[in-house]
Structure formats: C-alpha cells, structure tokens
1. If you take the residues of the range 62-77 that are hydrophobic (A, V, I, L, M, F, W, C) and outside any strand (DSSP E or B), which of them is surrounded by the most Cβ atoms within 10 Å (Cβ to Cβ)?
2. Being within 23 Å of the chain's Cα centre (by Cα), open to solvent by 50 Å² or more (accessible area, probe 1.4 Å) and either of a type in the set (G, A, S) or farther than 22 Å from Y83 by Cβ (or both), is that true of even one residue in the range 220-229?
3. Give the residue, chosen from T177, T216, T167, that is open to solvent by 20 Å² or more (accessible area, probe 1.4 Å) and either closer than 17 Å to L235 by Cα or of a type in the set (S, T, Y) (or both).
4. Can you tell me which condition I172 does not meet? The list is (1) modelled with pLDDT of 75 or more; (2) closer than 30 Å to R234 by Cβ; (3) out of contact with any Ser or Thr (no Cβ under 8 Å at 6 or more places or on another chain), and all the others hold.
5. Within the range 96-124, can you find the residues that are assigned to a strand (DSSP E or B) and either free of Cβ contacts under 8 Å to residues at least 12 places away in the same chain or among the hydrophobic types (A, V, I, L, M, F, W, C) (or both)?
6. Here is a list: R29, R110, R84. Which entry is charged (D, E, K, R), at pLDDT 90 or above, open to solvent by 20 Å² or more (accessible area, probe 1.4 Å) and touching a Pro at 6+ places or on another chain (Cβ under 9 Å)?
Amino acid sequence: MSIHSLPIVSTARPPVPVMPSRVGDGFNRVRLVSLSTALPLAERDALEPLSRRVSLDQKETLFSQDEPACSVFIVTSGALRLYRILPDGRRQVTGFAFPGDFLGLSMLDRFAVSADALGAVTACRFERLAFRNLVFGQPGLMMHLHEITGQELSRAKDMMMLLGRRTADERIASFLTGLQDRYVRIGRSSVTLELPMGRLDIADHLGLTIETVSRTLSRLDRDGCILIVPGGVRLIDQGRLDRMSAH
C-alpha cells in the first residue's frame, strides 16, 4: 500500500461523547439500532438494552490503535477512516466504515487500527463483556455476526488481490464498484456515489500515490466512464467498470 508520513502528535484525546438515545420522553435505542443493521428484528431487539449513542464531529476519533478494546460499535450514520500508524510514524489506511458496519468484533484485547470520523458520525456502543455474553446466549445472533466477519475477511482477501498486479485504472474501478455494492446494502444511491474520503485516503488504501488517483479519476471522467460531481462520482459506463473490476 502507499503510505504517507504524518506528523507525530500526542495520542491524548477527550473521551468520546456517549449518551443515552432519548427522543422526547422515551428511549430511541430501538430506532437507532434498527436503522443501522440488517440483523433480524428479534436480534436487534436483543441488542437494544445494551446500546448507547456515540456522536462524533469530523476528524474526531472513535477509538485509537492499541487502545484497550472495551467496546463494540455499530456505525449508524456517517463514515470513518480505519488506519494504522507504523512504528516510523507513517500511516496505512486499511479501509472505511459505513452505516451498518460493526467495529471491534475481533475480540482482540486492543484495537488493531484507529477510526477517525470523515464527517459527522453516530454509532451505537456496546460494552464488550455484556455484548459477548449476549452473543453467546443468542445462537442466531452469533451466526449472523459470523457471516459479517466472513464478509470482512472476504473484503480483506479482495484487497490483497487488488494490490497485486492490477493497474491503477483497475484498482480505482474495483474501489468504486466495491463502494457501490456497500451503498446498495444500506439503501443509498448505486449510481452517484458519495466519496467522504479524500484523494490521499483513497491513495493510501489502494497502494497508489495521490497524483495517480487524481489522474486516474480525471482520465475515467474524460473517457465517459464516470462523471466527477461535487462530493463524489457518478457511474456512467457500468459495464466497463465491471469489466475492469473483474480483471
């Protein structure tokens, strides 16, 4: 992957604001979790009593690399950048989290990555021990979480293949069609794709330079494959993008 040096800064940060999910006189935890995940209704209901709302502004951190993993999260709105800081201070972007994504399911003692908000973000937080105890007592929920973990492993495998011998055009096409698939699953537009991440984030994710990402997107725009629009891209030639992604 392409990785860029970042200035070394203090890791001290204020605690993430966590609050009960209230609307008016009643609790709204059911609505919060229900909007954020494709889990069956009964399993969402089982999660509700454990959930707490987390709100982040742009650039705020949900959790940091090597921080004790005391919580599990479901993203309910917005997007986050997932990345690692290498020992020499360089940054390696490992992926992006969108509504419906679980974070912290690996049950490692410490988070392997940091998660920063790309814009305003809300999430549900679950205390890790309580979450684990609930899952162990809910075979259906455990099965669905295994499926989610399997999807994450599949994306990681696809990323390893993507970073192999693919051209810049093929990497960008695969990134866009993969993002399209994820947006379809959460009910967003599958034609005009919001890109909350910056060109540098995409570069670090795809093993390219920021200049290559910018040139490739511009070339795909000129060729009529995509149309660059404010805040994202519109997929014009879906067939060509699919063919490039399949190579």
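The values are calculated or read from the model by the stated rules, or taken from the named source; none is laboratory data. All values reported here derive from a predicted model rather than from experimental measurement. Every residue, glycine among them, receives a Cβ derived from its backbone with ideal geometry; neighbour counts consider all protein chains shown. Side chains included, ligands, DNA and RNA excluded: accessible areas come from the protein's heavy atoms. Shrake-Rupley method; radii C 1.70, N 1.55, O 1.52, S 1.80 Å.
1. Keep residues of the range 62-77 that are hydrophobic (A, V, I, L, M, F, W, C), which gives 62-63, 69-70, 72-75.
Filter once more, so that each one left must be outside any strand (DSSP E or B): 69-70.
Details: A69: 18, C70: 14.
Among them, the one singled out is A69.
2. Yes, that holds for at least one residue.
3. So the residue among T177, T216, T167 that is open to solvent by 20 Å² or more (accessible area, probe 1.4 Å) and either closer than 17 Å to L235 by Cα or of a type in the set (S, T, Y) (or both) is T167.
4. Status for I172: all satisfied but (3).
5. Result: F96, A97, F102, L103, A115, A117, V121, A123, C124.
6. Values: R29 fails: at pLDDT 90 or above; R84 fails: touching a Pro at 6+ places or on another chain (Cβ under 9 Å).
Result of the check over R29, R110, R84: R110.
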